[in-house]
1. Write out, first by first residue and then by second, each pair whose Cβ atoms fall under 8 Å of each other, whose residues are 6+ apart or on separate chains, and whose first residue, in the range 35-53, is buried (at least 24 other Cβ atoms within 10 Å of the Cβ) while the second is part of a strand (DSSP E or B) and among the basic types (Lys, Arg).
2. Scan (1) buried (at least 19 other Cβ atoms within 10 Å of the Cβ); (2) out of contact with any Ser or Thr (no Cβ under 6 Å at 6 or more places or on another chain); (3) of a type outside the set (Val, Ile, Thr) for the single condition residue 252 breaks and write down its number.
3. Output the residues belonging to the range 346-386 that are under 22 Å from residue 85 (Cβ atoms) and out of contact with any Gly (no Cβ under 9 Å at 6 or more places or on another chain).
4. Any residue that is assigned to a loop (DSSP other than H, G, I, E, B), touching a Phe, Trp or Tyr at 6+ places or on another chain (Cβ under 9 Å) and at pLDDT 65 or above - is there at least one of those in the range 200-207?
5. Just give me the residues in the range 143-174 being of a type in the set (S, T, N, Q) and under 15 Å from residue 389 (Cβ atoms), in sequence order.
6. Do we have residue 327 as surrounded by 21 or more Cβ atoms within 10 Å (Cβ to Cβ), closer than 27 Å to residue 146 by Cα and within 14 Å of the chain's Cα centre (by Cα) here?
Amino acid sequence: MDRRQFLRATAAAALAAPALSFSGRLFAAPASTPRFLLVFLRGGYDCNNLLVPTGSDFYYESRPTLAIARPDANSPDSALPLDSHWSLNPVLRDSIYPLWQKKQVAFVPFAGTDDLSRSHFETQDNIERGEPLDHSGNYRSGFMARLSGLLNGTPAIAFTSNLPLSFQGAAKDIPNISLKGNTRAHFNDRQADILASMYRGTPLAAASADGLALRKNVTEDLMQEMVAASRGAPSARNFASETRRIATLMRDKYRLGFVDVGGWDTHVNQGSVTGGLANNLRNLGEGLAAYADALGDEWNNTTVVVLSEFGRTFRENGDKGTDHGHGTTYWVLGGQVRGGQIAGRQLAVTQANLLQNRDYPVLNNYRDVLGGLMARLWGLRREQLQSVFPQAAPGDLGLV
């Protein structure tokens with residue numbers, strides 16, 4: 001068992017606490033270092049009921065039960081107007097819409113990958129690898145890991161139970177910690193001493209001490225932050241409570257992060273302003289707003305990108321849901337983001353402009369979009385970006 005295996009085994013043993021896999025010690029990054037969080041919505045979310053094409057008659061013809069009503073000041077269930085073509089699902093009225101009004105969030109429709117398999121696993125893997133579809137590269141090398149290798153003084157972390165493909169293949173160990181569930185330490189001092197004693201006098205002595213001490217330090221940091229930030233009020237449910245914990249670690253110690261959120265596969269009874277999708281969007285919005293709030297002034301040094309493996313069929317299916325699609329909508333958020341705009345290449349939302357008469361085409365390739373953002377955030381040169389996204393053509397959408 002090597003150092004990494006030991007630390008992961010320690011994490012797996014913590015059944016009631018967050019899974020933890022770390023090597024190295026926590027340290028503070030320079031305050032001026034850009035902070036980037038990637039939020040991956042696994043399952044292919046229906047972007048058409050998030051960024052609603054309320055200027056399109058075809059949208060209303062295609063979704064007799066799922067369509068969200070055009071903006072109406074007298075109806076709280078109608079869409080929130082963003083411009084003459086697009087509106088926002090009203091379940092985000094109190095979370096994302098205020099950020100839009102502050103010009104701290106932008107949306108990029110017609111975004112995604114060239115992968116037309118419409119397979120969750122295949123498309124997720126292709127996105128996390130960040131390589132062209134015909135590239136015979138390392139299938140265990142993720143673009144976030146390659147980015148991390150370019151950046152000095154930019155510690156990275158994945159807020160997941162297992163290290164995601166995005167962060168695999170790095171030259172240095174990248175920690176991962178799941179913040180779902182409670183945050184108490186699994187081992188008390190007596191138990192930790194017993195476990196550490198098992199490895200004293202062996203090559204794993206230092207690794208065991210590091211892993212146990214780090215778990216205790218992270219737990220204490222999170223508990224202190226939760227108490228201070230709540231001010232006697234209960235935390236927001238689900239994703240919001242997780243993002244407040246993420247902010248605790250990202251604010252002072254980490255600058256490059258990844259978190260994924262499941263449950264976006266809505267084949268049956270999807271709903272519009274109520275139902276499964278609306279609940280997920282509401283929780284996601286509350287979580288992102290909580291993250292911004294918990295970061296305080298450091299929100300101004302932060303960029304968040306929300307993406308999914310693909311969108312969904314434009315028309316609703318016979319089960320009042322939507323099926324696997326292609327193009328989707330990305331979110332870009334941050335205190336200094338040039339928001340309040342629908343960015344990137346676009347088409348009119350008509351039947352003639354659908355891909356295969358089924359779903360949105362991809363006009364804004366994810367590797368080009370993310371590459372352009374990364375170039376702006378860290379001043380990366382073209383050859384550096386090519387090591388992160390081989391053969392990509394990064395484009396600056398003017399969002400950061």
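1. Note: pairs meeting the criteria are 44/312; 45/312; 46/312; 47/312; 48/312.
2. Failed condition: (1).
3. Matches in the range 346-386: 346, 347, 350, 351, 352, 353, 354, 357.
4. yes
5. 148, 166
6. Answer is no for this residue.
Residue-by-condition table, conditions (1) closer than 17 Å to residue 367 by Cβ; (2) at pLDDT 95 or above:
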{"position": "90", "(1), (2)": "no, yes"}
{"position": "93", "(1), (2)": "no, yes"}
{"position": "99", "(1), (2)": "no, yes"}
{"position": "103", "(1), (2)": "no, yes"}
{"position": "138", "(1), (2)": "yes, no"}
{"position": "144", "(1), (2)": "yes, yes"}
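One line per residue, one yes/no per condition, for (1) modelled with pLDDT under 95; (2) surrounded by fewer than 22 Cβ atoms within 10 Å (Cβ to Cβ); (3) under 25 Å from residue 374 (Cβ atoms):
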residue	(1), (2), (3)
256	no, no, yes
269	yes, yes, no
280	yes, no, no
288	no, no, yes
291	no, no, yes
295	no, no, yes
311	no, no, yes
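The values are calculated or read from the model by the stated rules, or taken from the named source; none is laboratory data. A quick note: this is a predicted structure, and the numbers were derived from the prediction, not measured. A quick note on method: Cβ atoms are made from the backbone with ideal geometry, for glycine too, and the neighbour counts reach across all protein chains shown.
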